[in-house]
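Chemist: Take this structure, written in structure tokens, and hold onto it; I'll ask about it next.
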Amino acid sequence: MRKDIILVTGALGQIGSVLVQALRAAHGASQVIATDLRATDSALDGPFEQLDILDAQRLHDLVKKYHVTQIYHLAAILSAAGEGKPRRTWQVNMDGLFNSLEVAREAQIDKIFFPSSIAVFSHLTPSRQTPQYTVLHPTTVYGISKAAGEDWIQYYHQRYGMDIRSLRYPGIISHQSDPGGGTTDYAVDIFHYAVRDINYKCFLKADTALPMLYMPDAIRATLQLMEAPTEQIRVRTSYNLHGMTFTPAEIYAEIKRHFPNFRIDYQPDFRQDIAETWPASIDDSYARRDWNWSPAYNLESMTQDMIINLKKKYLTLSES
Ligand code: NAD
Ligand code: AKB
């Protein structure tokens, strides 16, 4: 069996920066090639290459140079940022996916990971316990690109026999990295305000319930999916994935247990309209059944862990 050499696109983003560390811990630092449109000035513990995912030739050259065997294609423009630049978002999200799929086909890459999102759903989708197979009709350019991407990866699997695996991530909450322009970003931002003792202006209404997942669970789900035997992967579009559901009022109440003086006020903007088209909770029974998915964190344990880690982070920053 050949040794895995993994190329990650969008590796400096909220998920990529944590996923690269996890992949390096599992496979060895030199086996994981981090790439991103942005250059990095931080000291990485392994190879990094600047890559615009729209540059198919450079992607091809990097795959050849490093003898890449797996691609984690994370580069994308997210829901809120995407509404400000719909054509660019379509181009990056769709052409970027095609470039990854085509290079993988030519180079006979073993496995590809493509993250989808709860953004594929809409106001026409059942909002509670949203089923795996249901009506989609997304309303953001980001959601449209992810829904189309899910169909394309299934097409490449059926037509070319390629092993492409995917998760519909909910909003991801992390202390290690900042979110990059999504509708669920408030659930990370709120912690940064709370630990610094600053009041928070929330861009969603108090009662807007959304599905969320804590980063350690997101990383574990991703690695578990990618390591599962091929015959266990029965969803070839994208697996529903769920961690927890809460509203801004509920996360505020949970944070207030740690910071009794913390204040929030609600100033909904265009992201409220996006959030209202997304489900409140997700039925992830296919993931549970096929590759034993089960989240470890709930609202209470995630909040506690976020606060411990962000307090440490700000303390270190203030000391440096
Ligand atoms: P992010 O916005 O934090 O990071 C995306 C990265 O892609 C950035 O580092 C950016 O520089 C890079 N990028 C943008 N355009 C590029 C281009 N042309 N070429 C190469 N790189 C480019 O996003 P994230 O939160 O880390 O999300 C990673 C993936 O997971 C995305 O595909 C996203 O749709 C998906 N996802 C994320 C969430 C979430 O809550 N974070 C939820 C669902 C799905
Ligand atoms: C966003 O809000 O755009 C992302 C997502 C759920 O895909 N966090």
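Throughout, read-outs are computed from the coordinates displayed, never taken from laboratory work. Since we're looking at a predicted model, the values are computed, not measured. Positions of Cβ are backbone-derived with ideal geometry, glycine not excepted, and every protein chain shown enters the neighbour counts.
Chemist: Which whole-number percent is the relative contact order of the chain (Cα, under 8 Å, 6+ apart)?
Modeler: Relative CO of the chain lands at 18 percent.
Chemist: Show me, for region 80-87, the HN-Hα J-couplings you get by feeding each phi into the Karplus relation (A = 6.51, B = -1.76, C = 1.60, θ = phi - 60°), rounded to Hz, glycine and proline as x.
Modeler: Ordered by residue, 3J(HN,Hα) equals 6, 4, x, 5, x, 8, x, 6 Hz.
Chemist: Also, I was wondering about something else. Let me know the whole percent of all Cα-Cα pairs from region 19-127 that are separated by more than 22 Å.
Modeler: 38 percent
Chemist: Which cross-chain or sequence-distant (5 or more) residues have an amide H under 5 Å from the amide H of Phe246, H modelled 1.01 Å from N in plane?
Modeler: Leu210, Met212
Chemist: So, one more: Using a Förster radius of 25 Å, what is the FRET efficiency between Leu223 and Leu54 based on their Cβ-Cβ separation? Nearest 0.05, please.
Modeler: 0.35
Chemist: How high is the FRET efficiency from Gln154 to Glu319, r the C-beta distance, R0 51 Å, rounded to 0.05?
Modeler: 0.50
Chemist: Provide Rg and Dmax in Å for region 1-70, with only Cα atoms included in the calculation.
Modeler: Expressed in Å, the Cα Rg and Dmax of region 1-70 come to 11.4, 35.
Chemist: Using θ = phi - 60° and the Karplus relation 6.51 cos²θ - 1.76 cosθ + 1.60, list the HN-Hα couplings for region 142-158 in order, rounded to whole Hz, with x at every Gly or Pro.
Modeler: 4, x, 5, 5, 6, 5, 5, x, 4, 5, 5, 5, 5, 4, 5, 5, 5
Chemist: So for Glu106, Glu276, fewest C-beta neighbours within 10 Å to most, what's the order?
Modeler: Glu106, Glu276
Chemist: Collect residues whose amide H, placed 1.01 Å from N in the peptide plane, falls under 5 Å from the amide H of Arg168; neighbours closer than 5 in sequence don't count.
Modeler: Under 5 Å from the amide H of Arg168: Ser116, Tyr239, Asn240, Leu241.
Chemist: A further question follows. Dipole of the chain, Cα-centred, from +1 at each Lys and Arg C-beta and -1 at each Asp and Glu C-beta, to the nearest 20 debye?
Modeler: 240 debye
Chemist: Okay, moving on. Could you give the dipole magnitude of region 265-320 about its Cα centre, charging the beta-carbon of Lys and Arg +1 and that of Asp and Glu -1, in debye to the nearest 20?
Modeler: That gives region 265-320 a dipole magnitude of about 340 debye.
Chemist: First measure r as the distance between the Cβ atoms of Glu250 and Lys85, then evaluate 1/(1 + (r/R0)^6) with R0 = 25 Å and state the FRET efficiency to the nearest 0.05.
Modeler: E between Glu250 and Lys85, to the nearest 0.05, is 0.20.
Chemist: Which value in nm describes the separation of the simple spin-label points at Gln108 and Asp178, placed 7 Å from the Cα toward the beta carbon?
Modeler: 4.5 nm
Chemist: Taking 0.36 nm per residue of sequence separation and subtracting the Cα-Cα distance, how much length would be gained by fully extending the chain between Asp207 and Asp61, in nm to one decimal?
Modeler: 47.7 nm
Chemist: Could you tell me the number of lysine pairs in the chain with C-alpha atoms less than 27 Å from each other, where the two lysines are 8 or more residues apart or belong to different chains?
Modeler: Qualifying lysine pairs in the chain: 19.
Chemist: For region 254-293, list residues with backbone N below 17 Å from a point placed 7 Å from the Cα of Gln132 toward its Cβ?
Modeler: Once the point is set 7 Å along Cα→Cβ of Gln132, 282-293 turn out to lie under 17 Å by backbone N, inside region 254-293.
Chemist: Compute the signed sum of charges (Lys and Arg +1, Asp and Glu -1) over the other residues within less than 12 Å, Cβ to Cβ, of Ser174.
Modeler: Charge balance in the 12 Å sphere: -4.
Chemist: For region 161-320, what is the relative contact order in percent, using Cα pairs closer than 8 Å and at least 6 residues apart in sequence?
Modeler: Worked out over region 161-320, it gives 34 percent.
Chemist: Let me ask something else about it. Can you give me the pair-distance distribution of region 171-320, C-alpha pairs, 10 Å bins, whole percents?
Modeler: 10, 38, 33, 15, 4, 0
Chemist: Restricting to DSSP loop positions (anything but H, G, I, E, B) with no more than 10 other Cβ atoms inside 10 Å of their own Cβ, which chymotrypsin sites (Phe, Trp or Tyr not before Pro) remain in region 130-230?
Modeler: Here the sparse-neighbourhood loop sites are Tyr133.
Chemist: If you look at just the Cα atoms of region 84-240, how large are its Rg and its Dmax in Å?
Modeler: Taking only Cα atoms of region 84-240, I get Rg and Dmax of 17.0, 55 Å.
Chemist: Same structure again: Could you tell me the extents of the chain's C-alpha atoms along the three principal axes, largest first, rounded to whole Å?
Modeler: Answer, in whole Å and largest first: 57, 50, 38 Å.
Chemist: Under the Karplus relation 6.51 cos²θ - 1.76 cosθ + 1.60, θ = phi - 60°, what is the ordered set of whole-Hz ³J(HN,Hα) values for region 98-107, x standing for Gly and Pro?
Modeler: Residue by residue, region 98-107 yields 4, 4, 5, 5, 5, 5, 5, 5, 4, 8 Hz.
Chemist: Contact order normalised by length for region 22-109, with contacts defined as Cα pairs under 8 Å and 6 or more residues apart; what percent is it?
Modeler: Across region 22-109, relative contact order equals 26 percent.
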